Structure formats: C-alpha cells, structure tokens
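Inspection log for the structure reproduced underneath, given as structure tokens.
The values are calculated or read from the model by the stated rules, or taken from the named source; none is laboratory data. Everything numeric here is computed off the predicted structure, so don't read it as measured data. Cβ placement follows ideal geometry from the backbone for every residue including glycine, while neighbour counts extend to all protein chains displayed. Ligands, DNA and RNA are excluded from the accessible area calculation, which covers all protein heavy atoms including side chains. Shrake-Rupley method; radii C 1.70, N 1.55, O 1.52, S 1.80 Å.
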Amino acid sequence: MTTTPTAVPTTTAVAGGIGTSPLRPDGIPKVRGEFAFSGDLHEEGMLWGATVRSPHARARILSIDPAPALAIPGVHAVLTQDDVPGRKTCGQAVKDQPVLADGETRFWGEPVAVVAADDAETAARAAAAVAVRYEPLDALTDPGEAERQGSVFRTMHVVNGDPDRRGEVVVEGYYETGTIDQAMLGTEAGLAVPDGEGGVDLYVATQWIHEDHEQLYASLGVEPGAARIHLSGIGGAFGAREDLTLQIHLCMLALHTGRPVKMVLDRAESFAAHVHRHPSRMWYRHEADPDGTLVRVEAKLIFDGGAYQTTSHAVIANGAYFAMGPYHCESVDVVGIATRTNNPPNGAMRGFGAVQVCFAYEAQMDKLAAALGMDPIDLRLRNALDAGDRLPTTGQVIEGAFPVAEVIRSLAAMPLPDAGPGGDPRHLPGGAGLTTTAADIRRGVGFAVGFKNIAFAESFDDYAEARVTLTPDGLLVETAAAEVGQGMVTVLQQIARTATGIEQVEVAFVDTAAIGSAGSTSASRQTQMTGGAVLEAAEAVRDEALRRAGGGTLSGEGVLRDGVVVATLADVLAEGPITELVRFRHPPTTAPSETGQGDLHAGFSVAAHRAVVDVDPDLGLVRVVQVDTAQDVGKALHPAALVGQLEGGILQGVGMAVMEELRIDDGVVRNASFTDYLLPTILDAPDVEAVLIEEPDHWGPFGAKGVGEPPTISSTAAVVAAIRDATGRDLTRAPVRPEDVAGV
Amino acid sequence: MKVTLTVNGIRRDADAAPGDSLMDVLRGLGLTSVKNGCDNGDCGSCAVLVDGAAVNACLVFAARSEGKAITTLEGMATEGSLHALQTAMLESGAVQCGFCTPGIVMTAAELLEKNPEPTDREIDEAMAGNFCRCTGYTKPRDAIRSAAEMLREGRR
C-alpha cells in the first residue's frame, strides 16, 4: 500500500496517536472468545422470545387465537397489536410501520405476534402454535405498477441548468440492480430486563441507541427515563440495524411478564426482519459535445421501498443528488421515485442510494466514451469536478477536499496484475471442479468512480455528544456511539491521545440515560462526528489542566515543563474534577428547494475502483482477480483499520456484482439462508491494492474523512465494467448472472 | 439426556434435548465463543475442534459428541498467554466485529496442526467455509501465515 504525504501536522507526539495503527482495545476479549455479543447475554430467570411472522406478502388477518400456544407448558405470554401499550406504529422519519400487524400484513415476514416461554425451543413451538387465520390479498409487488398507481413514498425532481441544452453525441441506457442483504454475521438479538418499577433496560445491538429510544418509549407508553437502552456487542451492521426490529417486542414481553426476556433471531428471520438495499430500475440519457464535454444528463430512477418507509425518502434523495457522479454538467434533469409495494421493506445499506446510481452512470460514461471514440479515463478526467465547483445536481459549491482527478490518475497509474490465470486450475473461473480451461478465459478490466456525502443532510440537526474526563490515570471518553466493528473505539482513543499527549485512554459506551445522542453509526459519519466531539472535549480538558498547572505540556505523567513533571494528573485534579461534555455539529445544511437545489450536504468523499476479471464467456463463469482502489480519505487516522474498511467494503461490492441477491417472487423471499443467498468466501476474494489520497477535509478531526461507504459505491460498477470488457456484452443488471454472461 | 464431553481439557456433563446440536450444548455450558451465524453449516462461525478436527458444531448432534474431546476458542490461550493465532488475528487487523473470529481461529488451528507451513492456496482451501463480512479475507490470511511462522519459531 502506498500513501501520499499529508500536510496536516499532528499536534502532540504520543504513542498510539493519530496516523499510527494501535491494536483495538476490544481485540483481546474478541480473540479470547470473551466479548459478549447481544446474542450471548444471560440473566437469571430469563425467558426466551419468539416472533410469529406473516407467510403472505399481503393478507387480511381474520383472527389470532393465542390459546393453542398458551396451552403449551412453559409459555408465559402471547402479545399482539392490541397489547402495544403506547403508539402502535414505529419508524424513523414516518411512523408508518405497525409494531405488530394491525389487521393486515403488508410484507412477507411481517411480525404478527410475539411470545415468551421458558426456553428457546418452547418459544419457537409456541410461535408456531399461535393460530392466525389469514385471507390472502392481491399483493402489489411490481415497482412500475406502484408508480403508475401513485403508491410512492417520495418523488424527487432535481433540475438544474438550461433544459434546452443538447449535445451532439447521445447515449441512452436502462439499468437494474437487485435486492441486496447486509448479511452481518451476528443476527438481531437482545435482552430486556424489567426494573420492577414499570421501567425496562434493553441491551441490544443497534446503530443508534437514541433513535431507538425515541421510538421505544413512545410505543411502550412510558416516560423517556423509564426505558433505557444499552449497547451490547454488535456483530456487524452495514445499515441493517438502523431500523427497529425486536427492540419494542422484547420490552413489551419483559414488562408484560415481569421477567427478563431474551430473543435471538435465526438467519432466515434475520433476512425478514431487517431492511435491505433497494432494488432499482434506472433509465439514463447522457449528451456530450464532440470534445467529450458532458452537457446534459437526464435520468429516471425507481427504487422500490417495499411495504414501509423506513429511510426510503433519504435513499432516493441520495440516488437523485448523486445520480450523475462526480462530473461537471451544464444541464441536469433527474426524477427519483421511491415506491411503496408489498415487497419486504428496503432502507439503509452501506452506500445508501449512491451505489445503485453509480452502477448506471459509470456504465453510461463507458458507453459515452465508446460513442465519442475517447479513452474512458480521459472522458472522466475531462469532466471531473474539483473543490470549489458546483455540483451539477444540487448547485452546491463543494467545500473541502474533492480530489476526483487525483483519485482517477492515481488509480490509473497503478500496475496491473500479470496477464492470465496461470496454470493452477483453482484460479480459473468456477474453480477446479468445473470445466473451464485456461484457453477459454478472457480477461477484462473495468474502471469506475463514485462519491457520496458524509453525515446527515437536508437540514437535519445532526450532532454527536461525547464527554472527556481527566482521571488520575489518564482520560475517560464516554459516548453512546455504536462500535459496530469498524474500529471507532480505537480512533477515538487516538484522537484523545494526540489532542492531549496522554496515552492512557479508556472509551466507555454508555446508555441513553447517561449521555446525549451520538447520532447513528451510518453515513460514514462517526469518525468525523463523535471524533469531532472527542477532539473538542479533549482539547478543552488539556487546556484546563495546563491552566491549573501554569502552562507546559501534558502527558500521562502529568504536566511537564522543560521535560520535568511539575504536577501529576492527581495534583491537577486536586482542586476539582476536569470533565468536558461537547455537542459537536458539522457545518449546517439546508433543506432542498422544489427542484432539489441547496447546500444540502456537509461534505463528500470520492473513490475509484479498477477491477480485473477472468471470464469463461461460454459457461458464464467469472473470477474477480483483483480490485484496486484510490480513495479520498482526508487524513488516515488508523491506516491499518482504514485499509480493512477498503478491503471489506470492496468485497461487499464484488458480492453485489456477481453473486448476492435476495430472490423475491410475488413478495415472498425464496433464498433466506446462507445456503441460497451467496456471500463471497476467501476463494472469491480478489487481491486489493490501495492508494490513500490525503487532502485534509474542512471539518473532520485532523482533516479526516469518513471512509466506510466509498469502498462499496464504485466497486460493483468496476467489476461489471470489467466483465463487459471481457465479453463485449451490455450487462445492464447487477448482480451479473451466469446466463447474462453466456447470453442464454 | 446426559452428554459427557471433555471441553478444553475439563470433563463436563451437560443436559441435551434430542435435537440439540453440539453448538447448543456448548453455548449452554457458557462457551459463547461458539457463534451461531446461520445454524446451517454455511458460515463457519461455530467451528470447534472435535478430537482435533475442525467441525461446524451446529451440524453435529450433541449425542454424537459423547466422550469426545472438544476445544473451543476459550481453550486456546494457556496460562494467560494467547495462542499464536489469537495474537496474529489481532495484530494483523483481522478482527473487526469479531463474530467470525472464533470459527476462523479454530479452523486455522486444525490447518496449522496438520500443515505447519501452508501455502496461500492451502490456507484458502482450508478457510473456504468461514465467512467474514467486515474485513474480508486478506487480513485473516495474513494472520494465519503470520501465526504459522510464530509457531514454527516456537513463539506462541
């Protein structure tokens, strides 16, 4: 891996500060098997919960008879919509999803009732025994039909520039992407413990405990302080834990029975319980002058939101705002529609609307280059946006680093792997067991560029709280931010160390009653948001400690002057505690105008990917050999963890390109298992080389940008472009299936 | 029914229902490193050593484990020091959320026991049944290579 030099100096030399790669503090318990994930929790006397789910995409509920379930020894409760004590619906922006089905089920797998029993097996038997009589109804599952019927969550119309501007060279295309699952390895799980006074403590794996809390106490019908949410160990997230799944159900059962209740979803239920990446249908028309200057882009996007809104309004907005990529264009007209159907709900997944459109606009850029007779990389460079330019969709002037051209040039300059698969049959597409021979292989190379915003947008009041306290032993950082595995826990330590010079930093994840919101662990935002709060708080703690000691520099030993300790940390604290609570906000954003104009986003990050594939075009088999990347990261705070984000994110992009898709027939999921929903294994994983472009951001700590999502935005597009290059086929749908490659 | 196992060197008696898997029984004994990612033998998160062979504990009936010697991740560190695979997973950055870590360590432990100097291809073949959704496979492969070297040099 190579990196470009950074212009940002670190303020203090301290072991384990920013720019180094210290070991993660939760790593020891994780490698010892002692780290408690939400599914590992245990409380004396606890019951087990289970969920009754609709087997129909849409049905009227004629009756629910709990008696057969309650007749099973060891069953303590069967609860339905009638038992929801407070608000009967939940949801992030719009509370349109029944906590339990409200007389009609609107998607396959919708929760209808929940049960609690002495053990998991009895709970599962009880759930199966609840007698629900359904009258199946016609399900609306085609997004095109939903659009015609006006069954939509949000329609965007982003218009900018002269609508009559026309180019001489025109390409059109129609593209689709499938429904993709986050497939985090830890399924949804939690433990609710009643406090005996009408309140409840919920221990759960989620991405934003304060948002969950708002929805939870309202549906429980209790005061905010009577329901507390504590983060428990999280087995991956990727967007799947942004919406509520079992949180309210668990607390209802605990309050109803007066007993602790635990629930762990099995893998099939997990596919039904959380939202997925929206499937999309996208039509595009690109027009350019003969010299390759992009002058007009028209697009129509339909993302199917499924049965309930969740974050569809924001996902389709991202699709529309980022619909044409990081390129100049004089004139833009984008329509984006999020449909409401009886498919399973779709919402947040890594990349959040930017992934689908990138697949389409980068295919269009290649098509346009071919029509112009230009090199596709030259075409991208000719139209590349830069800091200070206006985004052609929203009209926003881009603040902060936006090194599109440098990302493209750096990636294009990287060496390509050796030609051909070599002699090992295990390196042929399909592996050694299939019938491909090396002579049948065609190699292809594909290139794609993508970008998206960081943090929340469209005037949302986005903030993160963190508290930093000086102790005699070092620093305590308190936050409610969700550590989902990405390594934020280490980055927060590093920021606090570099800000203060104190190496000993403990990060404590505290509950909803102990601190204000950190916002969601999503939108690539926590390094900048909670990291920003920790930086400000740590600097204030440092300044107060130095003020008390009469100046000098701070270290773990205490305050130093001329290399000598003049006051220990205990001395400094003798006159009282030093603790700073910071509520950090990023630069404000505005709400969009009717035509989608405004300063809608707080910042952006861009990345590019170049994929190399080997393809057997007759058998339709593909092996992704290598995916290289250049990414705009601002400042690499923890280079090793950052590269881990790039490698993992690229592999998710590879999955969406060639194997992953939730297959849904008439609203019913047909492959809700890891046997049938294919995930990349070590044998499917390409080699990855990365270049980090370090141009400081305008508001991230030490110039850092969030890095989580860009690896997943253009990697899918690059892999499919490479398969097009190898086969000469259009391949307008991701994932690419063998029959698409073989043309049968 | 009763099942008697030797788990991490200690004889344990466990109650098991007829349909219980070895994974269910081990988790019931408090060995929660045995992770249930799919209950279907697809993801490898529940891998343990049964008489030295790495198996998906979710696919083994508890009753078939009677009298067997089981090693779980909890049994890999000795006298307070980590096994080389544990150290290498951590130092190589292979641990993000950590849910796949137990299965990867146990599967790799069998590999390194049988093949102290595996090639990358042999690592890939051995690890093909273990999913990692966070960081992919470059860093776990690096970790296994690094652990093999540590073990060959007599370092734990």
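Quick notes on this structure:
- Filtered residues of region A:699-735 (kept if more than 9 Å from A:PHE359 (Cα to Cα), open to solvent by less than 10 Å² (accessible area, probe 1.4 Å) and β-branched (Val, Ile, Thr)): A:THR712, A:VAL719, A:ILE723
- For region A:448-455, the count of residues that are at pLDDT 95 or above, in contact with a His (Cβ under 9 Å, 6 or more places away or on another chain), among the aromatic types (Phe, Trp, Tyr) and surrounded by 14 or more Cβ atoms within 10 Å (Cβ to Cβ) is zero.
- Residue within region A:510-521 that is within 26 Å of the chain's Cα centre (by Cα), outside any helix (DSSP H, G or I), surrounded by 24 or more Cβ atoms within 10 Å (Cβ to Cβ) and of a type outside the set (Ser, Thr, Tyr) present: yes
- Any hit, region A:278-293, residues being under 21 Å from the mean Cα position of the chain (by Cα) and open to solvent by less than 10 Å² (accessible area, probe 1.4 Å): yes
- Only listed residue being farther than 16 Å from A:PRO279 by Cβ, open to solvent by less than 60 Å² (accessible area, probe 1.4 Å) and within 31 Å of the chain's Cα centre (by Cα), chosen from A:GLY150, A:GLY144: A:GLY150
- The one condition in (1) in a loop (DSSP other than H, G, I, E, B); (2) in contact with a Cys (Cβ under 7 Å, 6 or more places away or on another chain) that A:ASP618 fails to fulfil: (2)
- From B:ALA69, B:ALA62, B:ALA53, residue being small (Gly, Ala, Ser), in contact with an Asp or Glu (Cβ under 9 Å, 6 or more places away or on another chain) and either facing another protein chain (nearest Cβ under 7 Å) or surrounded by 23 or more Cβ atoms within 10 Å (Cβ to Cβ) (or both): B:ALA62
- Here A:GLY516, A:GLY444 are screened, and the one residue that is at pLDDT 95 or above and within 30 Å of A:GLN364 (Cα to Cα) is A:GLY444.
Yes/no per residue for (1) over 20 Å from A:GLY644 (Cα atoms); (2) in contact with a Gly (Cβ under 8 Å, 6 or more places away or on another chain); (3) of a type in the set (Val, Ile, Thr); (4) within 14 Å of chain B (Cβ to nearest Cβ):
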{"position": "A:ILE682", "(1), (2), (3), (4)": "no, no, yes, yes"}
{"position": "A:HIS698", "(1), (2), (3), (4)": "yes, yes, no, no"}
{"position": "A:GLY708", "(1), (2), (3), (4)": "no, yes, no, yes"}
{"position": "A:PRO711", "(1), (2), (3), (4)": "no, yes, no, yes"}
{"position": "A:ARG724", "(1), (2), (3), (4)": "yes, yes, no, no"}
{"position": "A:ARG737", "(1), (2), (3), (4)": "yes, yes, no, no"}
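- In region B:134-156, residue nearest to the other protein chains (Cβ to nearest Cβ) [restricted to those that are in a loop (DSSP other than H, G, I, E, B) and open to solvent by 20 Å² or more (accessible area, probe 1.4 Å)]: B:ARG156
- Test result for A:GLU660, within 14 Å of another protein chain (Cβ to nearest Cβ), among the acidic types (Asp, Glu) and open to solvent by less than 10 Å² (accessible area, probe 1.4 Å): yes
- Scanning region A:63-98 for residues that are under 30 Å from A:THR341 (Cα atoms), of a type outside the set (A, V, I, L, M, F, W, C) and part of a loop (DSSP other than H, G, I, E, B) yields A:PRO66, A:THR80, A:PRO85, A:GLY86, A:ARG87, A:LYS88, A:GLY91, A:GLN92, A:LYS95, A:ASP96.
- Scanning region A:366-387 for residues that are open to solvent by 30 Å² or more (accessible area, probe 1.4 Å) and either part of a loop (DSSP other than H, G, I, E, B) or β-branched (Val, Ile, Thr) (or both) yields A:GLY373, A:MET374, A:ASP375, A:ILE377, A:ASP386, A:ALA387.
- Within region A:594-603, one or more residues are of a type in the set (Asp, Glu) and in contact (Cβ under 8 Å) with a residue 12 or more places away in the chain.
- For first residues located in region A:19-30 and farther than 18 Å from A:LEU476 by Cβ, partners that are assigned to a loop (DSSP other than H, G, I, E, B) and open to solvent by 40 Å² or more (accessible area, probe 1.4 Å) and lie 6+ apart or on another chain with Cβ distances below 7 Å form the pairs A:GLY19/A:THR10; A:PRO29/A:PHE35.
- Residue check for B:THR6: at pLDDT 95 or above, open to solvent by 20 Å² or more (accessible area, probe 1.4 Å), outside any loop (DSSP other than H, G, I, E, B) and more than 9 Å from chain A (Cβ to nearest Cβ): yes
- Residue within region B:87-96 that is buried (at least 24 other Cβ atoms within 10 Å of the Cβ), of a type in the set (Val, Ile, Thr) and within 11 Å of chain A (Cβ to nearest Cβ) present: yes
- Checklist (1) open to solvent by less than 10 Å² (accessible area, probe 1.4 Å); (2) touching a His at 6+ places or on another chain (Cβ under 6 Å) applied to A:GLN182, failing item: (2)
- Restricting attention to region B:97-124 and to residues that are more than 9 Å from chain A (Cβ to nearest Cβ) and in a loop (DSSP other than H, G, I, E, B), the residue that is surrounded by the most Cβ atoms within 10 Å (Cβ to Cβ) turns out to be B:PRO118.
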